[in-house]
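Below is one structure; the comments refer to it alone.
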Amino acid sequence: MTALAQLPFEQARPLQTAPGLRALQARGPVHKIRTAAGDQAWLVTGYQEVRRLLADPRLGRSHPDPASAARTGESVLFGGPLGNYETEEADHTRMRSVLQPHFTPGRMRALRPRVQALTSALLDELDRQDRPADLGEALAAPLPILVIRDLLGVPYQDRSRFRAWTRAAADVRDRARSEQGLADLFGYGRQLVARKRDHPGDDVISRLSATSGADDDEIAMLSMFLLFAGHETTVVAIGMGALMLLTNPQQWQALRDDPGLIPAAVAEMLRALGKGGGGIPRYARADLPISGVQIRAGDLVLLDNGAANHDAKAFPDPDRFDITRQAASHLTFGHGPRYCIGATLARIELQTVFSQLIPRFPGMRLAVPVEELTLDTGVLTGGLTRLPVTW
Ligand code: HEM
């Protein structure tokens with residue numbers, strides 16, 4: 001009998017896939033593995049399977065006996081089960097119905113001018129910096145927090161505290177730090193909701209307070225969840241997207257020549273950004289077979305959307321970054337009833353970034369060899385530790 005594959009797969013460099021993962025993926029779509037927390041779980045790597053299971057009600061986020069459930073890691077938010085097993089579906093439906101009206105495509109499109117203005121101001125600042133400069137610090141990290149701040153109506157001066165808390169909450173190794181980060185975010189959220197009730201503004205927290213019928217605790221929880229869900233994910237996407245273009249100068253040039261290609265380029269960045277080796281956690285609510293493998297109720301199933309986005313059956317030559325790719329829709333924002341509420345906003349941010357960055361810094365290039373770049377493996381979302389560029 002072969003030993004179980006152990007997560008995380010050995011560290012690959014940015015834009016590279018762990019060889020262990022692709023070897024596993026070549027053997028089939030479902031694999032018994034051991035998580036970083038030492039527990040057994042199933043890793044699903046096939047595109048069709050991941051897509052189907054993301055929409056399968058027999059898989060959920062909660063567990064009937066959370067204390068005994070297998071875990072992926074120490075992050076409180078994503079390391080183990082979440083929510084009440086009995087009421088999960090109703091709770092989730094309610095959460096979506098409260099949030100969705102504030103994330104309609106129309107509302108998101110109305111944010112575009114603001115995202116453009118914020119991006120342009122950050123690029124002005126970058127232009128004034130000495131070279132080389134860190135594109136992560138100058139653009140990828142601040143933009144999403146500025147956008148969420150505007151969306152939620154969060155004071156700008158609190159931004160560095162946020163970043164510290166969201167990063168702590170996403171810590172995959174240190175449970176106490178992750179718990180403290182979440183508690184800090186929630187405590188802050190409560191204060192903010194109270195302030196918005198007294199002094200409402202044109203923002204999601206004020207509108208939730210006025211219209212949703214939810215109490216302060218629920219609004220604080222939802223707001224901080226949004227902050228967490230929409231922040232670090234987008235930071236990683238902007239950084240990795242920039243790196244993909246900087247290491248493919250002919251595609252950078254193609255976007256310079258024809259900015260109409262930017263939406264397709266952003267879709268390809270989103271597809272290519274996660275290489276797999278983790279994915280979206282679910283717990284089986286019933287015994288179910290997946291491609292001939294028997295999964296038992298209560299088992300942890302990792303729907304590896306990064307690996308699925310590199311399934312050669314759905315994306316021929318999957319490791320090639322190709323902004324003209326005509327392919328199946330990627331699973332980076334998930335699929336089905338939990339499909340990312342902020343997907344339109346994230347796309348707007350990415351499209352805005354590259355629409356402005358490329359014409360303004362047409363000669364931008366990496367300031368170090370790509371081999372010197374490293375990934376931050378201590379947090380859930382990963383991402384580049386730094387991205388030095390010059391122009
Ligand atoms: C590139 C950036 C982003 C990525 C890669 C991303 C990815 C995802 C994924 C994979 C899910 C599904 C999780 C699951 O099935 O359990 C999700 C859900 C969610 N995302 Fe995003 N997201 C991004 C940006 C955002 C933004 C900007 C916001 C809000 C401002 C946001 C808010 C949410 C929320 C509220 C959910 C939960 C939906 C639910 O459970 O029904 N995300 N996101």
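The values are calculated or read from the model by the stated rules, or taken from the named source; none is laboratory data. Since this is a predicted model, take the numbers as computed values, not measurements. Methodologically, a virtual Cβ is constructed for each residue, glycine included, from the backbone with ideal geometry; neighbour enumeration extends over all protein chains shown. Each accessible area value is taken on the protein alone, full model and side chains, heavy atoms only, with ligands, DNA and RNA left out. Shrake-Rupley method; radii C 1.70, N 1.55, O 1.52, S 1.80 Å.
Could you grab the pairs with beta carbons closer than 9 Å, sequence gap of 6+ or different chains, first residue in region 187-200 and aromatic (Phe, Trp, Tyr), second one surrounded by 17 or more Cβ atoms within 10 Å (Cβ to Cβ)?
So the pair list comes out as 188/154; 188/162; 188/165; 188/220; 188/224.
Which of the residues belonging to region 67-83 are outside any loop (DSSP other than H, G, I, E, B) and either over 15 Å from residue 41 (Cβ atoms) or within 18 Å of the chain's Cα centre (by Cα) (or both)? Give the derivation first.
Here is the first cut: in region 67-83, the ones outside any loop (DSSP other than H, G, I, E, B) are 67-68.
Passing the criteria: only 67.
Considering only residues that are in contact with a Gly (Cβ under 8 Å, 6 or more places away or on another chain) and under 25 Å from residue 254 (Cβ atoms), which ones fall in region 307-332?
First, the residues of region 307-332 that are in contact with a Gly (Cβ under 8 Å, 6 or more places away or on another chain): 307-311, 313, 332.
Matches in region 307-332: 309, 310, 332.
Is it the case, given these coordinates, that residue 45 is of a type in the set (S, T, N, Q) and in contact with a strand residue (DSSP E or B) (Cβ under 6 Å, 6 or more places away or on another chain)?
Numbers: of a type in the set (S, T, N, Q): yes; in contact with a strand residue (DSSP E or B) (Cβ under 6 Å, 6 or more places away or on another chain): no.
Here the answer is no, as residue 45 does not meet what is asked.
The rows are residues; the columns are (1) over 26 Å from residue 272 (Cβ atoms); (2) surrounded by fewer than 18 Cβ atoms within 10 Å (Cβ to Cβ).
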| residue | (1), (2) |
| --- | --- |
| 154 | yes, no |
| 159 | yes, yes |
| 169 | yes, no |
| 182 | yes, no |
| 192 | yes, no |
| 200 | yes, yes |
| 232 | no, no |
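Which ones in region 358-383 are at pLDDT 90 or above, open to solvent by 40 Å² or more (accessible area, probe 1.4 Å) and either in contact with a Leu (Cβ under 6 Å, 6 or more places away or on another chain) or not in a loop (DSSP other than H, G, I, E, B) (or both)?
359, 360, 365, 370, 371, 372
Looking for whichever is within 27 Å of residue 348 (Cβ to Cβ), touching a strand residue (DSSP E or B) at 6+ places or on another chain (Cβ under 8 Å), part of a helix (DSSP H, G or I) and open to solvent by less than 80 Å² (accessible area, probe 1.4 Å) here; the options are 122, 126. Which one fits?
Numbers: 122 fails: touching a strand residue (DSSP E or B) at 6+ places or on another chain (Cβ under 8 Å).
Exactly one of 122, 126 is within 27 Å of residue 348 (Cβ to Cβ), touching a strand residue (DSSP E or B) at 6+ places or on another chain (Cβ under 8 Å), part of a helix (DSSP H, G or I) and open to solvent by less than 80 Å² (accessible area, probe 1.4 Å), namely 126.
Of all residues in region 316-332, count the ones that are buried (at least 17 other Cβ atoms within 10 Å of the Cβ), away from the ligand (no atom under 16 Å from the Cβ) and not acidic (Asp, Glu). Steps first, please.
Keep residues of region 316-332 that are buried (at least 17 other Cβ atoms within 10 Å of the Cβ), which gives 318, 321-323, 325, 330-332.
Going one step further and asking which of them are away from the ligand (no atom under 16 Å from the Cβ), we end up with 318, 321-323, 325.
Remaining after also requiring not acidic (Asp, Glu): 318, 321, 323, 325.
Total satisfying the criteria: 4.
For region 56-102, how many residues are of a type in the set (Val, Ile, Thr) and buried (at least 18 other Cβ atoms within 10 Å of the Cβ)?
Looking only at region 56-102, we keep the residues that are of a type in the set (Val, Ile, Thr), and these are 72, 76, 87, 93, 98.
Next, only the ones that are buried (at least 18 other Cβ atoms within 10 Å of the Cβ) stay: 72, 76.
Number of matching residues: 2.
Collect the residues in region 333-357 that are of a type in the set (Val, Ile, Thr) and crowded, with 22+ Cβ neighbours inside 10 Å, keeping them in residue-number order. Break it down into steps so the answer makes sense when it comes.
Just the residues of region 333-357 that are of a type in the set (Val, Ile, Thr), to begin with: 341, 344, 348, 352-353.
Across region 333-357, the qualifying residues are 352, 353.
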